[in-house]
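Engineer: Encoded as C-alpha cells, here's the structure I'll be asking about.
The values are calculated or read from the model by the stated rules, or taken from the named source; none is laboratory data. Just so it is clear, the structure is predicted and the values come from calculations on it, not from any experiment. Note that we place each Cβ from the backbone using ideal geometry, even for glycine, and neighbour counts take in every protein chain shown. What goes into the accessible areas is simple: the full protein's heavy atoms, side chains included, and nothing from ligands, DNA or RNA. Shrake-Rupley method; radii C 1.70, N 1.55, O 1.52, S 1.80 Å.
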Amino acid sequence: MDIPNIRLCSSTGADLERHIPEVARLRLQVFRDFPYLYDGDLDYEARYLRTYSQAPGSLVVLAVDGERVVGASTGLPLMAATDEVKAPFISHNYDPTTVFYLGESVLLPDYRGHGIGVLFFEAREAHARALASDPESSFGPLRHLAFCAVERGHEDPRRPASHVPLDRFWCKRGYRRHPQLRTSFSWRELGEAAETPKPMVFWLKSVSGNSSERI
Ligand SMILES: CC(C)(COP(=O)(O)OP(=O)(O)OC[C@H]1O[C@@H](n2cnc3c(N)ncnc32)[C@H](O)[C@@H]1OP(=O)(O)O)[C@@H](O)C(=O)NCCC(=O)NCCS
C-alpha cells in the first residue's frame, strides 16, 4: 500500500462498539452510490454492526487515516448471519457451519486504488484460516469463504458511465460466482418510499485456497 498515514487494524467486541457510529456513517456514505443506492438510517446501521461486535468469530478490519476511519471490511461465521444469508446454503446442501461469510468492504473514494481492498480480503481470509486451523475453536471445519453482491441489469439507467463492476477484482482474488446461490436483501433505495427486495448472488472460494475442492 502506497499511501502514508493509513493503518489497517482488526477490531472486535468492545473495541468495535466504540467505532460503530463511524463505521455506520461510512456504510451510509459509500452504499449511497451505484450499485447499492442505499438510503439507510443510522439506527439500523448500528443494530446491524452490533452483530459483528457480538458474534464470536467475527472480525471487522478498519482502515484508519490518523484518527479517522476511512474504510471497513467485515466477516463472520455464516451461523451468526441472518436467515436470508444462510438460506441458499442450506437449500443447496452446504453445511452452514463450514462457511465464513464476508459481509462487505467499504472505502472512501479518495483512498481507492491503492491496494486496501486487497488487504481487506487478505486479512479476513487469514482470520478464517486461523479459525479453521485452531483445534480449540468452537467453529465447525470452515471450508468456504462466501460473499454476495447485488445484481443490477447492464442497461440500468442509474449506472454511471464510469462505473466498473468489481467482478474482475473478485475473480483475481480467486472467487467464483455461483448463480444458483441467491437470496434477496431488502433496503430502501434512493427515491423509494419503502424497502424492496434486491437480488443478491453469492461468490465463493475455498478457505484453503485449493481450487480443486468442491465449492
Ligand atoms: C471494493 C473496494 C473496497 C476496493 O477498494 P480498493 O482499495 O480501491 O481496491 P484495491 O486498490 O485493492 O484494488 C484492487 C483491484 O481492484 C480494482 N478496483 C478496485 N476498485 C475498483 C472499482 N471501484 N472499480 C473497478 N476496479 C476496481 C483495482 O484496479 C485493482 O485491480 P488489480 O488487482 O488488477 O490491480 C472499494 O472499491 C469500495 O469501497 N467500493 C464501494 C463499495 C463496494 O462496492 N464494496 C464491495 C461490495 S460490499
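Engineer: Return a yes/no flag: does segment 8-15 have any residue that is among the hydrophobic types (A, V, I, L, M, F, W, C), surrounded by fewer than 18 Cβ atoms within 10 Å (Cβ to Cβ), in a helix (DSSP H, G or I) and at pLDDT 95 or above.
Structural biologist: Scanning segment 8-15 turns up no residue that is among the hydrophobic types (A, V, I, L, M, F, W, C), surrounded by fewer than 18 Cβ atoms within 10 Å (Cβ to Cβ), in a helix (DSSP H, G or I) and at pLDDT 95 or above.
Engineer: Determine, yes or no, whether residue 27 is touching a residue at least 24 places away in the same chain (Cβ under 8 Å), within 16 Å of the ligand (Cβ to nearest atom) and part of a helix (DSSP H, G or I).
Structural biologist: Yes.
Engineer: Okay, moving on. Condition check: open to solvent by less than 80 Å² (accessible area, probe 1.4 Å) and within 30 Å of residue 154 (Cα to Cα). Does residue 76 satisfy that?
Structural biologist: In short, no.
Engineer: If you don't mind, another one. Kindly provide the set of residues from segment 20-33 that are surrounded by 15 or more Cβ atoms within 10 Å (Cβ to Cβ) and out of contact with any Gly (no Cβ under 9 Å at 6 or more places or on another chain), ordered by number.
Structural biologist: Selection gives 20, 22, 23.
Engineer: Among the numbered conditions (1) within 30 Å of residue 130 (Cβ to Cβ); (2) within 12 Å of the ligand (Cβ to nearest atom); (3) surrounded by 11 or more Cβ atoms within 10 Å (Cβ to Cβ), tell me where residue 165 comes up short.
Structural biologist: Of (1) within 30 Å of residue 130 (Cβ to Cβ); (2) within 12 Å of the ligand (Cβ to nearest atom); (3) surrounded by 11 or more Cβ atoms within 10 Å (Cβ to Cβ), only one is false for residue 165: (1).
Engineer: Hey, can you tell me all the residues within segment 30-39 that are aliphatic (A, V, I, L, M) and assigned to a loop (DSSP other than H, G, I, E, B)?
Structural biologist: Answer for segment 30-39, where residues must be aliphatic (A, V, I, L, M) and assigned to a loop (DSSP other than H, G, I, E, B): just 37.
Engineer: Would it be correct to say that residue 47 is assigned to a helix (DSSP H, G or I) and open to solvent by 10 Å² or more (accessible area, probe 1.4 Å)?
Structural biologist: yes
Engineer: Let me ask something else about it. From the residues in segment 59-73 that are buried (at least 24 other Cβ atoms within 10 Å of the Cβ) and not aliphatic (A, V, I, L, M), which one is nearest to residue 13 (Cα to Cα)?
Structural biologist: It comes out as 73.
Engineer: As an exercise: evaluate residue 177 against (1) open to solvent by 50 Å² or more (accessible area, probe 1.4 Å); (2) over 24 Å from residue 87 (Cα atoms); (3) within 16 Å of the ligand (Cβ to nearest atom) and give the number of the one condition it does not meet.
Structural biologist: (2)
Engineer: Also, I was wondering about something else. Only residues that are within 18 Å of residue 79 (Cβ to Cβ) and either within 7 Å of the ligand (Cβ to nearest atom) or not aliphatic (A, V, I, L, M) (or both): list them for segment 90-110, please.
Structural biologist: Within segment 90-110, 91, 92, 93, 94, 95, 96, 97, 98, 100, 101, 103 meet the criteria.
Engineer: All but one of (1) in contact with a Leu (Cβ under 7 Å, 6 or more places away or on another chain); (2) over 12 Å from residue 59 (Cα atoms); (3) in contact (Cβ under 8 Å) with a residue 40 or more places away in the chain; (4) surrounded by fewer than 21 Cβ atoms within 10 Å (Cβ to Cβ) hold for residue 89; state the number of the condition that does not hold.
Structural biologist: Checking residue 89 against (1) in contact with a Leu (Cβ under 7 Å, 6 or more places away or on another chain); (2) over 12 Å from residue 59 (Cα atoms); (3) in contact (Cβ under 8 Å) with a residue 40 or more places away in the chain; (4) surrounded by fewer than 21 Cβ atoms within 10 Å (Cβ to Cβ), the one that fails is (4).
Engineer: Given the condition of a type in the set (D, E, K, R), buried (at least 21 other Cβ atoms within 10 Å of the Cβ), within 16 Å of the ligand (Cβ to nearest atom) and under 18 Å from the mean Cα position of the chain (by Cα), answer yes or no: does some residue in segment 111-131 qualify?
Structural biologist: Yes, some residue in segment 111-131 is of a type in the set (D, E, K, R), buried (at least 21 other Cβ atoms within 10 Å of the Cβ), within 16 Å of the ligand (Cβ to nearest atom) and under 18 Å from the mean Cα position of the chain (by Cα).
Engineer: Sticking with this structure for a sec: Name the residues in segment 132-153 that are open to solvent by less than 40 Å² (accessible area, probe 1.4 Å) and more than 8 Å from the ligand (Cβ to nearest atom), would you?
Structural biologist: Once the filter is applied, which keeps residues that are open to solvent by less than 40 Å² (accessible area, probe 1.4 Å) and more than 8 Å from the ligand (Cβ to nearest atom), segment 132-153 yields 137, 140, 142, 144, 145, 146, 148, 150, 153.
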